[in-house]
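Below: the structure, in structure tokens.
What follows draws every value from the coordinates through simple rules; no lab data is involved. Quick caveat: nothing in here was measured; it's all calculated off a predicted structure. Ideal geometry is used to build each Cβ from the backbone, glycine not excepted, and the neighbour counts take in all protein chains shown.
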Amino acid sequence: MDIKTKKAFKLLISILIGFALSAASLLTSVLLLFSTQKDKLFPLLCVSFVSIIVFLILWNKKDSKFVYLILSIPVICIIAGIAVIHYQQRVDLIPTVREQNFPLDYYEPFTRDNLLAQLDEESLFKITGSPPVLDGATALYPLYASFVQAVYPEGDYAVYKGPVFCSKTAGAYEKLFEGKADIIFCAEPSDAQLEHFIDNNIKLALVPIGREAFVFFVNKTNPVNNLTIEDIQGIYSGRIKNWKELNGVNQRIRAFQRPKDSGSQTILEKVMGDTPIAKPRRENVSGGMMGIINEVAAYRNFSNAIGYSFLYFSTEMVKNDQIKLLSVNGIFPSRETIQNESYPLYENFYAIYIDADEKNENIEPFINWILSEQGQELVQRTGYIPLQ
């Protein structure tokens, strides 16, 4: 093959590879739109394409072993990309504890065969007139939905259509602030949430209606069964980094967190006191595009992971047999230890409304009924600890 024919042959091959690269680039761009690993795959893809283009240019310019070494770059990138995808597929198979998209339809009031707690007798109080618009935390939806089924007029109360919503804690506080909810059922507000109301001269009324345990959990294979509050503060401040420091295996601790202003993150901040919480790795906390929090953390049951939630949600709603709850200060979280206050991390949860002259006339009578014997019985039957 003469030099002229060889150059023409190389040019033809380069053109064909160029067309193939263009098609591959288009296809890959579409796939990346639906990939959960954009941040890892996109740089590898860019390096791979650039190196192939450099190779094609140099290949047509001169003969050199160095030119062929450039081919190792896209090969390495492709292998790395396959490894990333394979790892993510394995991770996706690991059971999770997550609150977003939890099937709350099973708890919608007045639907057939729902899972709501019910009274044995007719409620002594019934809502007449305009029912208060309700919202709240995911873990408390089964409770306030059971209140609705007991005292609201029968009707359609689809969870995402209202007037009985479940926007999760941060969303519920925002709806309350905007006047789109009359009562929300949540943990106490975070400092930032409370300051938001105070700065706008809005007075909140927080009425405790029940009690719940704040719990920490690990993979069931983790040999650690107990943590002290000081251990928890050490883990979430970043001071304690390895399970071997807590008589566990030699593995780095992967401490999952919830988004700021979520109910459980607010309680974690309370547990930490004056100890600063270490900033988590991005994959250890939920996030969304443009910094807007759209998801809650998916607590992957890695053997080195630790997460937190509330007792009822983590044991009754999720029912994940791959996790185990931890004792705190030697006390295991249970209904009995919450009731007798021996478990150290118990918290009240609240019916919260704006204390103003102009408010729904049924707010206070409804909350008074929740605090009555019948309302507290529903608290207990749902799986929480009543105040009485």
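Give me the net charge of L124's neighbourhood, meaning all other residues with Cβ under 14 Å from the Cβ of L124; Lys, Arg count +1, Asp, Glu -1.
-4
Please list, by residue number, everything in segment 353-373 whose backbone N is under 16 Å from a paramagnetic label point 7 Å out along Cα→Cβ of K203.
Taking a point 7 Å out along Cα→Cβ of K203, the residues of segment 353-373 whose backbone N falls under 16 Å are 353-360, 364.
At 0.36 nm per residue, minus the direct Cα-Cα distance, what do V50 and E245 gain on full extension? Give it in nm, one decimal, please.
Values: separation 195, 0.36 × 195 = 70.20 nm, distance 4.60 nm.
That pair, V50 and E245, stretches by 65.6 nm at full extension.
Sorted from fewest to most neighbouring beta carbons within 10 Å, what does the list L143, L378 look like?
Taking fewest neighbouring Cβ atoms as first place, the list is L378, L143.
Residues with beta-carbon under 10 Å from that of P189, excluding P189: net charge, scoring Lys, Arg +1 and Asp, Glu -1?
Net charge around P189: -4.
Distance cut-off 25 Å, Cα to Cα: go down the list K203/K279; K203/K270; K180/K203 and report the pairs above it.
In this structure, K203/K279 lie more than 25 Å apart at Cα.
Mind giving me the FRET efficiency for E122 and K270? R0 is 45 Å, r the Cβ-Cβ distance, nearest 0.05 is fine.
Computed FRET efficiency for E122 and K270: 0.70.
Could you tell me whether segment 175-233 comes out rounded, prolate or oblate from its Cα gyration tensor? Rule is a ≥ b ≥ c as square roots of the eigenvalues, rounded for a/c under 1.5, then prolate if a/b exceeds b/c, otherwise oblate.
Note, shape of segment 175-233 comes out prolate.
Taking other Cβ within 10 Å of each residue's Cβ, how do S190, S309, S264 sort, fewest first?
Values: S190 21, S309 29, S264 26.
Ranked by crowding around the Cβ, least crowded first: S190, S264, S309.
Please give the contour-minus-distance gain from L104 to K220: 0.36 nm per residue of separation, less the Cα-Cα distance, rounded to one decimal in nm.
Extending this stretch completely gives an extra 39.1 nm.
I'd like the FRET efficiency for I229 and S372, computed as 1/(1 + (r/R0)^6) with the beta carbon distance as r and R0 of 41 Å, rounded to 0.05.
Once rounded, the FRET efficiency stands at 0.70.
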